[in-house]
Amino acid sequence: VSLGLQRQGWLRNLSVGLGLGAGLMVLLFLVMAAAGWLTAELSWPGAVPLLASALSWAALSFVEELTFRGYIMQGLAKAWAMPLAVVVSSLLFGMVHIIDPNVQVLAIVNVCAAGLFFALAYLVTKSLWFPAGIHIGWNLTEINVLGFPGSGHTEPSILHTTVSGPDLITGGAFGPEGGLLGLAFWLFGIVLLLGYWVAFRRNEGTSSRRS
């Protein structure tokens with residue numbers, strides 16, 4: 001519970017997060033398809049390899065959230081205050097991806113931006129289930145459904161997607177989060193969460209004045 005894994009509302013936060021993460025990735029896929037930067041075809045790898053890969057990526061995504069937004073960010077917040085904790089934990093999240101295949105400087109910057117997005121998702125809900133859901137939804141849709149590389153790794157997927165657009169925009173062999181388009185979608189997600197946060201606080205203030 002101290003890390004944000006409350007039982008109350010956990011399924012709702014996890015489900016909404018899964019939908020948001022998957023939705024952002026599907027929208028990114030459609031943008032790339034409309035631009036003519038990819039081709040995709042069905043490629044059924046078999047139920048066992050697909051399930052094994054999906055479970056491993058879901059577990060990895062959850063552990064990363066537990067580590068960076070759960071333990072590290074909240075531990076640092078007690079010592080340094082939350083704003084600095086968000087920045088440092090996001091930088092650390094980006095730096096651990098230096099060891100990934102096909103990594104470039106832009107990819108590290110993008111993963112740091114993803115860390116900010118996940119941190120904000122926690123702050124909006126005070127629940128680690130929400131950023132965990134976003135992280136899992138993004139990774140599974142990207143890697144096991146649409147067939148993109150995920151942080152440079154290629155896994156069994158329902159679609160086989162070949163990217164032909166400029167690597168600077170599409171991310172190339174690292175995957176969509178390694179390009180400018182991926183960065184744009186992380187920033188779009190941040191804007192969505194900030195808009196929700198402002199609207200929620202405004203409604204909360206209005207309700208308080210009425211009561």
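Below 8 Å, C-alpha to C-alpha, sequence gap of six or more: please give me the relative contact order for segment 63-211 in percent.
Details: 200 pairs, mean separation 29.1, N = 149.
Reported as a whole number, the value is 20 percent.
Please work out how much length the chain gains when fully extended from Leu51 to Val63, using 0.36 nm per residue of separation minus the C-alpha to C-alpha distance, in nm with one decimal. Don't jump to the answer; show the numbers that get you there.
Numbers: separation 12, 0.36 × 12 = 4.32 nm, distance 1.81 nm.
Full-extension gain reported as 2.5 nm.
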Take every Cα-Cα distance within the chain, group them into 10 Å bins from 0 onward, and report for each bin the whole-number percent of pairs it holds.
-> 9, 34, 35, 16, 5, 1
Counting only the heavy atoms of the protein chains, how much of Ile98 is accessible to a 1.4 Å probe, in Å² to the nearest 10?
-> 90 Å²
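Full extension from Ala33 to Tyr71: what is 0.36 nm times the residue separation minus their Cα-Cα distance, to one decimal in nm? Write down the numbers at each step before the final one.
Values: separation 38, 0.36 × 38 = 13.68 nm, distance 3.83 nm.
Length gained, Ala33 through Tyr71: 9.9 nm.
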With every protein chain in place, the accessible area of Leu183 for a 1.4 Å probe, in Å² rounded to the nearest 10, comes to 40 Å²
How large is ³J(HN,Hα), in whole Hz, for each residue of segment 42-55 in order, when computed from phi with the Karplus curve 6.51 cos²θ - 1.76 cosθ + 1.60 and θ = phi - 60°, using x for Gly and Pro?
-> 5, 8, 7, x, x, 5, 5, x, 5, 5, 4, 5, 4, 5
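Scanning the chain for trypsin sites (Lys or Arg not before Pro) in DSSP loops with at most 11 other Cβ atoms within 10 Å, what's the longest stretch left with none?
Working: sites that count: Arg7, Lys126.
Maximal segment without exposed cleavage sites: 8-125.
For Thr154 and Leu168, calculate 0.36 nm times their separation in residues minus their Cα-Cα distance, and state this gained length in nm to one decimal. Provide the component values of the computation, followed by the final result.
Details: separation 14, 0.36 × 14 = 5.04 nm, distance 1.90 nm.
Computed gain between Thr154 and Leu168 is 3.1 nm.
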Would you mind getting me the FRET efficiency between Arg12 and Val96? Use the beta-carbon distance for r and R0 = 41 Å, nearest 0.05.
-> 0.85
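Quick check: convex hull over the Cα atoms of segment 1-75, volume per residue in Å³, rounded to an integer? Intermediate results must be reported in sequence, preceding the final value.
Details: hull volume 9.5 nm³, N = 75.
Taking only Cα atoms, segment 1-75 has a hull volume of 126 Å³ per residue.
The values are calculated or read from the model by the stated rules, or taken from the named source; none is laboratory data. These numbers were taken from a predicted model, which means no experiment stands behind them. Because the Cβ atoms are built from the backbone with ideal geometry, glycine has one as well, and the counts that use them run over all protein chains shown. Just the protein is used for accessible areas: all its heavy atoms, side chains included, with ligands, DNA and RNA removed. Shrake-Rupley method; radii C 1.70, N 1.55, O 1.52, S 1.80 Å.
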